[in-house]
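Participant: What follows is a structure written as structure tokens; I'll ask about it next.
The values are calculated or read from the model by the stated rules, or taken from the named source; none is laboratory data. None of these values were measured; they are calculated from a predicted model. Cβ atoms come from the backbone with ideal geometry, glycine included; neighbour counts cover every protein chain shown.
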């Protein structure tokens with residue numbers, strides 16, 4: 001090697017002369033700021049079972065993902081079947097998330113290729129659904145399923161110029177800054193329609209009423225109080241009348257589901273740090289908090305174009321698009337509330353925004369009742385009040401507690417789990433619609449009498465729901481693990497995720513002709529994606545996976561490979577978050593390789609929003625054989641990240657003091 005200057009030669013000599021215990025010198029060697037704190041693992045031992053399972057799951061998915069892509073997409077990324085926009089993006093939507101956990105670089109490149117390919121296919125394909133790289137005429141329940149994929153790119157690589165440009169352009173469509181997409185009214189702080197996108201609000205719809213009304217996703221009450229007769233959509237005169245009324249009552253104005261757009265605006269904020277994005281989130285969430293107050297503590301589900309509650313329903317606060325009387329009301333509404341509350345808290349650090357979600361959880365609690373000693377909650381509201389009682393999943397309660405770490409929020413979880421004695425799960429055990437809009441409200445959840453075991457971990461294949469990775473399935477066993485009451489959860493969730501991955505690979509390989517296989521649309525392909533990330537997020541990052549419909553990732557820690565300078569755990573390294581409190585993060589790192597050293601950067605929060613104060617760990621001498629007489633150390637960190645060096649076959653347990661939501665969140669990476 002030839003050195004072009006004496007200065008460069010001196011730099012190289014200094015770096016190579018670094019003593020391993022010198023944190024500043026080590027940081028220079030790894031391209032890090034010189035003040036980063038370094039801790040070296042000294043406990044040598046065989047890796048625990050969970051660590052071997054975790055690494056094997058990651059390594060197998062790294063191998064399986066390209067095979068899946070090569071089978072279901074051509075060389076340019078085009079898929080043979082096309083479906084709804086959200087379904088197409090969902091097929092590969094968690095690949096960049098897998099990359100920031102520990103997936104390889106190839107997988108990230110493929111995920112980016114596929115996002116671009118899907119966007120092209122939806123722009124120029126037979127069914128044109130995208131304009132200027134953004135979906136047209138769609139609701140935010142489905143938009144958010146699409147764009148969560150896009151948000152993960154910021155965590156994976158925040159320096160891709162076209163993604164930064166996209167983030168700002170997409171946000172402009174919902175801030176009133178894009179003349180071609182005037183979706184938002186800044187005066188009344190409303191979306192102008194539940195259906196929005198790159199061409200603006202979609203108020204004059206055609207045939208949209210048919211699907212939404214027939215499947216119970218919206219109502220025309222009290223303008224039309226009776227059920228529509230089956231087949232009304234086949235009568236041209238009746239169909240025109242109903243569609244006109246639908247456009248007047250349902251598609252004008254705002255609904256809570258549009259709160260999912262907060263994550264889109266936050267995405268631009270995390271890239272740029274520009275205050276205008278933060279201000280928009282605050283203004284929009286504050287407006288919804290005021291509407292809750294104005295409606296006696298209950299979230300209204302339809303807001304008119306002049307900001308009035310129930311403006312086109314004679315003042316009635318319920319009945320709107322994906323609203324309180326809709327088929328999946330509680331699930332859809334609470335997903336949006338969770339996403340918006342998390343986002344507002346993230347960008348402001350102000351816990352008052354958690355009341356957006358907590359207040360409505362308490363509405364359900366206030367209207368709950370006991371049936372056969374089982375606690376059930378209302379899922380819908382109609383002309384006769386609250387109805388459709390079922391047990392409650394703790395998805396939203398778990399997300400709320402993840403943000404607050406408040407004793408009262410934990411008590412809510414305990415109350416729900418204690419009252420949910422017999423299965424099945426809330427969206428099982430009841431009859432589906434037999435005929436459109438004829439008595440569908442009469443079908444109720446019924447218990448099958450089987451005791452619920454909330455330490456049990458299940459996969460999609462176990463419950464017969466094979467379309468996608470269900471986010472609510474294993475929140476209860478995860479929370480019980482963190483509470484010290486489900487100790488073998490890590491092994492159970494890894495085994496379940498591995499089993500689910502194998503099921504998907506097996507089904508996929510059994511399909512010989514993808515062009516003639518019945519029903520193989522993009523929605524089905526999402527259920528064959530071999531990348532299963534939920535358990536890995538739980539274990540490595542210490543948080544729930546992002547709300548499926550629109551949330552940003554909200555976790556306690558994330559990792560970077562210091563040697564390769566990219567996100568994720570280094571090859572061969574496993575991580576387990578063992579305990580979380582309001583001011584402590586307890587985690588274990590294991591180097592499963594007996595031959596290679598690795599260096600891991602640990603960051604406080606997905607976006608550096610937290611701060612580490614100190615780390616307590618055990619230091620073993622060479623004579624201790626790795627399991628005797630450790631000396632416990634306490635090291636000040638006072639930073640949002642620090643570095644851990646893992647020599648071959650070593651592990652380390654870290655008890656890290658943590659100050660939460662004290663830093664401005666950003667996609668910026670340590671280097």
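Participant: Looking at (1) in a loop (DSSP other than H, G, I, E, B); (2) modelled with pLDDT under 95, can you tell me which one residue 487 breaks?
Facilitator: Status for residue 487: all satisfied but (2).
Participant: Sticking with this structure for a sec: Inside the range 306-318, can you point out the residues that are in contact (Cβ under 8 Å) with a residue 60 or more places away in the chain, crowded, with 18+ Cβ neighbours inside 10 Å and in contact with a strand residue (DSSP E or B) (Cβ under 8 Å, 6 or more places away or on another chain)? Before you say what the answer is, go through the steps one by one.
Facilitator: In the first step, residues of the range 306-318 are kept if they are in contact (Cβ under 8 Å) with a residue 60 or more places away in the chain; the result is 306-307, 312-314, 316, 318.
Within this subset, residues satisfying the condition of being crowded, with 18+ Cβ neighbours inside 10 Å are 312-313, 316, 318.
Result: 318, single match.
Participant: Oh, and also: Looking at 429, 449, can you tell me which residue is out of contact with any helix residue (DSSP H, G or I) (no Cβ under 7 Å at 6 or more places or on another chain), in a loop (DSSP other than H, G, I, E, B) and modelled with pLDDT of 90 or more? It would help to see each step written out before you state the result.
Facilitator: Working: 429 fails: modelled with pLDDT of 90 or more.
After applying the criteria, what remains is 449.
Participant: Let me confirm something: among 306, 348, 338, 343, which residue is within 23 Å of the chain's Cα centre (by Cα) and over 22 Å from residue 141 (Cα atoms)?
Facilitator: Working: 306 fails: within 23 Å of the chain's Cα centre (by Cα); 338 fails: over 22 Å from residue 141 (Cα atoms); 343 fails: over 22 Å from residue 141 (Cα atoms).
After applying the criteria, what remains is 348.
Participant: Pull out all pairs, ordered by first then second residue, where Cβ-Cβ is under 6 Å, the residues are six or more apart or on different chains, the first lies in the range 32-52 and is touching a residue at least 12 places away in the same chain (Cβ under 8 Å) and at positive phi, and the second is part of a loop (DSSP other than H, G, I, E, B) and surrounded by 20 or more Cβ atoms within 10 Å (Cβ to Cβ).
Facilitator: The qualifying pairs do not exist here.
Participant: Considering only residues that are within 15 Å of residue 261 (Cβ to Cβ) and touching a residue at least 40 places away in the same chain (Cβ under 8 Å), which ones fall in the range 156-180?
Facilitator: 167, 168, 170, 171, 174, 175
Participant: Taking residue 59 as the residue in question, decide whether it is in a loop (DSSP other than H, G, I, E, B), surrounded by fewer than 18 Cβ atoms within 10 Å (Cβ to Cβ) and at pLDDT 55 or above.
Facilitator: On the way: in a loop (DSSP other than H, G, I, E, B): no; surrounded by fewer than 18 Cβ atoms within 10 Å (Cβ to Cβ): yes; at pLDDT 55 or above: yes.
It is false that residue 59 is in a loop (DSSP other than H, G, I, E, B), surrounded by fewer than 18 Cβ atoms within 10 Å (Cβ to Cβ) and at pLDDT 55 or above.
Participant: Could I ask something else about it? Enumerate the strands (runs of 3 or more DSSP E) found wholly within the range 575-671, keeping only those where 2 or more residues are without any contact (Cβ under 8 Å) to a residue 24 or more places away in the chain and surrounded by fewer than 16 Cβ atoms within 10 Å (Cβ to Cβ). Quick ask: steps written out before the conclusion?
Facilitator: Values: elements: 584-591, 598-604, 611-619, 631-639, 641-646, 650-659.
Result: 631-639.
Participant: May I ask you to verify whether residue 74 is part of a helix (DSSP H, G or I) and farther than 26 Å from residue 666 by Cα? Spell out how you get there, then give the answer.
Facilitator: Working: part of a helix (DSSP H, G or I): no; farther than 26 Å from residue 666 by Cα: yes.
Criteria not met by residue 74.
Participant: With at pLDDT below 95, part of a helix (DSSP H, G or I) and closer than 30 Å to residue 622 by Cα as the only criterion, which of 15, 21 stands out? Explain how you work it out, then say what you get.
Facilitator: Details: 21 fails: part of a helix (DSSP H, G or I).
Unique residue meeting the criteria: 15.
Participant: Test residue 87 against the criterion of being in a helix (DSSP H, G or I) and either closer than 24 Å to residue 549 by Cβ or in contact with a strand residue (DSSP E or B) (Cβ under 7 Å, 6 or more places away or on another chain) (or both), and give yes or no. So that I can check it myself, show each step before the final result.
Facilitator: Details: in a helix (DSSP H, G or I): yes; either closer than 24 Å to residue 549 by Cβ or in contact with a strand residue (DSSP E or B) (Cβ under 7 Å, 6 or more places away or on another chain) (or both): yes.
Criteria met by residue 87.
Participant: Separate question: For the range 401-408, check the following and say yes or no: at least one residue is in a loop (DSSP other than H, G, I, E, B), under 30 Å from residue 224 (Cα atoms) and modelled with pLDDT of 95 or more. Steps first, please.
Facilitator: Going residue by residue through the range 401-408, those that are in a loop (DSSP other than H, G, I, E, B) are 405-406.
Now narrow it down to the ones that are under 30 Å from residue 224 (Cα atoms): none.
No.
Participant: Something else about it: Report yes if some residue within the range 525-545 is part of a helix (DSSP H, G or I), over 29 Å from residue 671 (Cα atoms) and touching a helix residue (DSSP H, G or I) at 6+ places or on another chain (Cβ under 8 Å); otherwise report no.
Facilitator: Initially, the range 525-545 is screened for residues part of a helix (DSSP H, G or I), giving 525-526, 534-541.
If we keep only those that are over 29 Å from residue 671 (Cα atoms) too, we end up with 525-526.
Filter once more, keeping what is touching a helix residue (DSSP H, G or I) at 6+ places or on another chain (Cβ under 8 Å): 525-526.
Among the residues of the range 525-545, at least one is part of a helix (DSSP H, G or I), over 29 Å from residue 671 (Cα atoms) and touching a helix residue (DSSP H, G or I) at 6+ places or on another chain (Cβ under 8 Å), which makes the answer yes.
Participant: Kindly indicate whether residue 416 is in a helix (DSSP H, G or I), more than 18 Å from the chain's Cα centre (by Cα) and farther than 25 Å from residue 662 by Cβ.
Facilitator: Details: in a helix (DSSP H, G or I): yes; more than 18 Å from the chain's Cα centre (by Cα): yes; farther than 25 Å from residue 662 by Cβ: yes.
For residue 416, the condition - in a helix (DSSP H, G or I), more than 18 Å from the chain's Cα centre (by Cα) and farther than 25 Å from residue 662 by Cβ - is met.
Participant: Further question on the same structure: Hey, can you tell me all the residues within the range 293-305 that are surrounded by fewer than 20 Cβ atoms within 10 Å (Cβ to Cβ) and under 18 Å from residue 359 (Cβ atoms)?
Facilitator: Taking the range 293-305 as the starting set, the residues that turn out to be surrounded by fewer than 20 Cβ atoms within 10 Å (Cβ to Cβ) are 293-298, 304-305.
293, 294, 295, 296, 297, 298, listed by residue number.
Participant: Another question about this same structure. Just to be sure, is residue 417 modelled with pLDDT of 95 or more, over 20 Å from residue 459 (Cα atoms) and surrounded by 15 or more Cβ atoms within 10 Å (Cβ to Cβ)?
Facilitator: Values: modelled with pLDDT of 95 or more: yes; over 20 Å from residue 459 (Cα atoms): no; surrounded by 15 or more Cβ atoms within 10 Å (Cβ to Cβ): yes.
Judged against the criteria, residue 417 is not a match.
Participant: Among the numbered criteria (1) surrounded by fewer than 16 Cβ atoms within 10 Å (Cβ to Cβ); (2) under 25 Å from residue 608 (Cβ atoms); (3) free of Cβ contacts under 8 Å to residues at least 60 places away in the same chain, which one does residue 349 miss?
Facilitator: It is condition (3) that residue 349 fails.
Participant: Provide a single number: the residues in the range 513-542 that are surrounded by fewer than 21 Cβ atoms within 10 Å (Cβ to Cβ), over 13 Å from residue 70 (Cα atoms) and at pLDDT below 85.
Facilitator: Of the residues in that region, 10 qualify.
Participant: Working only within the range 156-169, note down all residues that are part of a loop (DSSP other than H, G, I, E, B) and touching a strand residue (DSSP E or B) at 6+ places or on another chain (Cβ under 9 Å). So that I can check it myself, show each step before the final result.
Facilitator: Filtering the range 156-169 down to residues part of a loop (DSSP other than H, G, I, E, B) leaves 157-160.
Passing the criteria: only 157.
Participant: Same structure again: Could you please find all residues in the range 546-568 being surrounded by 23 or more Cβ atoms within 10 Å (Cβ to Cβ) and closer than 21 Å to residue 496 by Cα?
Facilitator: 546, 547
Participant: Still on this structure: Taking strands (runs of 3 or more DSSP E) that do not extend beyond the range 309-400, which have at least 1 residues that are within 24 Å of residue 214 (Cβ to Cβ)?
Facilitator: Working: elements: 369-371, 374-382, 385-390.
It comes to 374-382, 385-390.
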